1. Quick check on the range 156-175: of everything there that is touching a helix residue (DSSP H, G or I) at 6+ places or on another chain (Cβ under 9 Å) and of a type in the set (D, E, K, R), which residue is most open to solvent (accessible area, probe 1.4 Å)?
2. Give the residues of the range 123-141 that are surrounded by 13 or more Cβ atoms within 10 Å (Cβ to Cβ) and either hydrophobic (A, V, I, L, M, F, W, C) or touching a residue at least 40 places away in the same chain (Cβ under 8 Å) (or both), sorted by residue number.
3. Pairs only if they're at least six apart or on different chains, beta carbon under 9 angstrom, first in the range 209-233 and of a type in the set (Ser, Thr, Tyr), second surrounded by fewer than 21 Cβ atoms within 10 Å (Cβ to Cβ) and in a loop (DSSP other than H, G, I, E, B); list them, first residue then second.
4. Output the residues belonging to the range 81-103 that are part of a loop (DSSP other than H, G, I, E, B) and either open to solvent by less than 40 Å² (accessible area, probe 1.4 Å) or within 15 Å of residue 68 (Cα to Cα) (or both).
5. Can you tell me which of (1) touching a residue at least 24 places away in the same chain (Cβ under 8 Å); (2) open to solvent by 40 Å² or more (accessible area, probe 1.4 Å) is the one residue 144 doesn't meet?
6. Step by step: first the residues of the range 176-196, then only those that are open to solvent by 30 Å² or more (accessible area, probe 1.4 Å) and of a type outside the set (Phe, Trp, Tyr), then the one that is farthest from residue 221 (Cα to Cα). Which residue is that?
7. So in the range 53-80, with the set limited to residues that are assigned to a loop (DSSP other than H, G, I, E, B) and open to solvent by less than 40 Å² (accessible area, probe 1.4 Å), which one is farthest from residue 198 (Cα to Cα)?
8. When the range 154-183 is examined, which residues are found to be assigned to a strand (DSSP E or B) and touching a residue at least 60 places away in the same chain (Cβ under 8 Å)?
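The values are calculated or read from the model by the stated rules, or taken from the named source; none is laboratory data. Since this is a predicted model, take the numbers as computed values, not measurements. Cβ placement follows ideal geometry from the backbone for every residue including glycine, while neighbour counts extend to all protein chains displayed. Heads up: the accessible areas ignore ligands, DNA and RNA and are worked out on the full protein's heavy atoms, side chains in. Shrake-Rupley method; radii C 1.70, N 1.55, O 1.52, S 1.80 Å.
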Amino acid sequence: MSQENGIAPVLAGAFFDGKHIMIDKSNLSLQDALAQIHDGATIMIGGFGTAGQPTELIDGLIALGTRDLVIVNNNAGNGDYGLAKLLKTGAVRKMVCSFPRQSDSWVFDELYRAGKIELELVPQGNLACRIQAAGMGLGPVYTPTGFGTLLAEGKPTMTYEGKDYVLENPIRADFALIKAHQGDRWGNLVYRKSARNFGPIMAMAAACTIAQVSEVVALGELNPEHIITPGIFVQHVVQVTPAKAAA
């Protein structure tokens with residue numbers, strides 16, 4: 001958009017009302033928000049199992065048909081829906097997670113045994129720490145978890161105050177797909193109980209965060225003391241009607 005009448009170009013996710021530049025991060029449909037995701041992207045997907053999993057965004061990503069994806073998540077899908085449904089399409093090249101196998105993770109299990117997907121196994125605390133490091137603009141971090149195990153092979157180590165540590169790199173992403181309970185047009189988010197899990201730190205560690213919410217409320221309706229993710233970390237807010245998970 002060119003500058004006109006001395007007015008600076010309006011940023012994406014904003015509009016000019018004749019007097020002021022108005023930020024509105026809820027102005028795109030789910031499909032339009034997801035359309036910018038490209039083949040080969042690294043995507044963080046929130047959720048702890050099914051709690052806080054942005055199922056509708058995942059379904060939209062499947063419809064988009066992007067391929068060769070690297071997915072960062074706590075686990076590797078449940079049953080045949082949500083993240084597991086995405087894996088089943090063959091769109092994911094690599095999973096970065098802490099808990100890839102459980103009783104209903106048969107989709108990932110079959111893909112991995114067939115050599116059709118890569119796995120980077122990361123202890124859960126390290127996963128959170130590495131995502132947080134990226135979100136805070138830090139470099140690699142030293143952690144005691146994994147030292148002396150196969151997970152530490154080939155990585156720098158150090159001893160500090162008598163304790164051994166292994167160096168782990170930050171985990172950054174091109175996109176984060178997360179779920180919150182409520183949001184406003186500035187991108188401020190409120191979560192519901194344990195559905196909060198990885199959402200806040202993933203929003204900080206991604207270049208573009210797309211949040212699905214059950215309700216977009218007017219500015220000022222969210223209690224500032226309850227806002228967990230400030231809008232500065234969110235680029236798009238999409239209101240969805242939650243779909244029923246498959247049995």
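1. That would be 172.
2. 124, 126, 127, 128, 129, 130, 131, 132, 133, 134, 135, 141
3. Qualifying pairs under 9 Å: 214/192; 214/240; 214/241; 214/242.
4. Within the range 81-103, 82, 89, 90, 91, 98, 100 qualify.
5. (1)
6. This residue is 194.
7. Residue satisfying both the conditions and the ranking: 66.
8. Those that are assigned to a strand (DSSP E or B) and touching a residue at least 60 places away in the same chain (Cβ under 8 Å): 173, 174, 175, 176, 177, 178, 179, 183.
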